[in-house]
1. Out of the strands (runs of 3 or more DSSP E) lying entirely within the stretch 243-360, which hold 3 or more residues that are touching a Phe, Trp or Tyr at 6+ places or on another chain (Cβ under 7 Å) and on the phi > 0 side of the Ramachandran plot?
2. Which condition number in (1) touching an Asp or Glu at 6+ places or on another chain (Cβ under 8 Å); (2) over 30 Å from residue 100 (Cα atoms); (3) not β-branched (Val, Ile, Thr) is the one that residue 233 fails?
3. Within the stretch 124-144, restricting attention to residues that are under 18 Å from residue 174 (Cβ atoms) and not small (Gly, Ala, Ser), which residue is nearest to the chain's Cα centre (by Cα)?
4. Pick from the stretch 134-162 the residues that are out of contact with any Ser or Thr (no Cβ under 6 Å at 6 or more places or on another chain) and part of a strand (DSSP E or B): which of them is modelled with the lowest pLDDT?
5. Looking only at the stretch 108-123, count every residue that is more than 23 Å from the chain's Cα centre (by Cα) and of a type outside the set (D, E, K, R) and tell me the total.
6. Residues in the stretch 296-303: is at least one surrounded by 15 or more Cβ atoms within 10 Å (Cβ to Cβ), touching a Ser or Thr at 6+ places or on another chain (Cβ under 9 Å) and charged (D, E, K, R)?
7. Which numbered condition in (1) of a type outside the set (Lys, Arg); (2) within 24 Å of residue 138 (Cα to Cα); (3) surrounded by fewer than 19 Cβ atoms within 10 Å (Cβ to Cβ); (4) in contact (Cβ under 8 Å) with a residue 24 or more places away in the chain is the only one that residue 115 fails?
8. When you scan the stretch 66-89, do you find a residue that is modelled with pLDDT of 95 or more, of a type in the set (S, T, N, Q), crowded, with 19+ Cβ neighbours inside 10 Å and in the same structural domain as residue 335 (by TED's automatic domain parsing), even just one?
Amino acid sequence: MTARPFAARLSCLRSLEFMPARIAHAIRAFAFAASALVAPLLAFSAPARAQDWVPFLVQVACVDARGAPVPGLLPVEPGCTRRRPLGFSDALPYRKHDWPAVAIAARRPEGFQASDSLRATWLGRDVVIQSMDFGGDGRSFGVFDGTHGDAAHVIRIAPEDGGAYIIYTGDGRHGGWMRSPGCARGPDGGMQGWLLAAPGRPGPDGWVERIARLRMAPSIEACPPAFDGSLTRWRIARIAIPWRDTTGGRGEAMIDTIVTEHYGRAVPIPQSTHLERIWFARDLGMIRWERWENRGFSRRQNLDEAAARLDASQRCPPIAFGDPPPGGGWARVDCRTWTNFERARPGQPLHGMPWPEGAR
């Protein structure tokens, strides 16, 4: 049932003044009872509204009554009653690290990589910078180690459709812009490449789905001559997020979370080559990434061995929507979970990785 015919029925109530009182009263009662039943259906079928993605993309500080960050207090803890988003240049009350492999957790509790989710201005654009900051093995957390693996994603909300997109990804040696059709209009065109989530109506299975068109380019001015398709889908759900800290604490928190899936081809899921799946938790930003390969279509070798090593490491605890994609034949070959928190101490704030250059 659509809104217009129902509204037309209600407009007919104006003629009830010419009917006998008892009949008119009965018709009015029926009409308003029907409106109470139909209104929720109309709301459900209305076009999807724009979603504010930023609270899912950016981590927050827990602050005191004066608005100052509380060192070491985590958004997953009950005492965090006041919050504010953290920026790229802020001192950090905590950092998000990945879970260490169980075999080395005792001697390396901070894991291998820190990954902060911070608001920033970069190249004149409001963005979110997602760092990939390695430590250990000759590298240092909080320092950009150049060509030793440190990297970042840059995420932007597109004004064209209100969607969240990775527009740049790179490290100290290589980097690329995720360009989309429309880049011929100039640097600000074609910035709808790696789609994370956008306003849309979920299907019966709860996922919103779109074919994204993208290709990596070496500069913001470059415009590829052709683009590749990627089946992309996403959803929002309140799920249990496991967490730990670098001093041995553990817990679980129920958090509204975006789960987004980026497939390697614009084909049905069972025929795709690979999947990259990411979780973005409200007030924490990106907390998990997985790479899956499809045994029937992937070109990578030794998938079973890679999957077995990953499972044995226990670096990625069970989480909602972490099952294999539909179709069978999938192997999870890589994963990181950034809910291993390093807490700042009073008077000893932490700092994120100072890269990419020019961000503030």
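1. Working: elements: 250-263, 274-281, 285-294, 330-337, 340-343.
Hits in the stretch 243-360: none.
2. Going through the list (1) touching an Asp or Glu at 6+ places or on another chain (Cβ under 8 Å); (2) over 30 Å from residue 100 (Cα atoms); (3) not β-branched (Val, Ile, Thr), residue 233 breaks only (2).
3. Taking the stretch 124-144 as the starting set, the residues that turn out to be under 18 Å from residue 174 (Cβ atoms) are 129-134, 139, 144.
Remaining after also requiring not small (Gly, Ala, Ser): 129-130, 132-134, 139, 144.
Working: 129: 12, 130: 11, 132: 15, 133: 19, 134: 21, 139: 27, 144: 24 Å.
Here the residue is 130.
4. Just the residues of the stretch 134-162 that are out of contact with any Ser or Thr (no Cβ under 6 Å at 6 or more places or on another chain), to begin with: 134-151, 154-162.
Next, only the ones that are part of a strand (DSSP E or B) stay: 134, 136, 139, 151, 154-157.
Working: 134: 97, 136: 91, 139: 94, 151: 97, 154: 99, 155: 99, 156: 98, 157: 97.
Within the stretch 134-162, the match that is modelled with the lowest pLDDT is 136.
5. The qualifying residues number 1.
6. To start, the set of residues in the stretch 296-303 that are surrounded by 15 or more Cβ atoms within 10 Å (Cβ to Cβ) comprises 297-298, 303.
Checking the rest, the ones that are also touching a Ser or Thr at 6+ places or on another chain (Cβ under 9 Å) come to 297-298.
Checking the rest, the ones that are also charged (D, E, K, R) come to none.
Among the residues of the stretch 296-303, not one is surrounded by 15 or more Cβ atoms within 10 Å (Cβ to Cβ), touching a Ser or Thr at 6+ places or on another chain (Cβ under 9 Å) and charged (D, E, K, R), which makes the answer no.
7. So the condition that residue 115 fails would be (3).
8. The answer is no; no qualifying residue exists.
The values are calculated or read from the model by the stated rules, or taken from the named source; none is laboratory data. Values in this document were obtained by computation on a predicted structure and should not be read as measured data. Every residue, glycine as well, gets a Cβ built from its backbone with ideal geometry; the counts of neighbours run over all protein chains shown.
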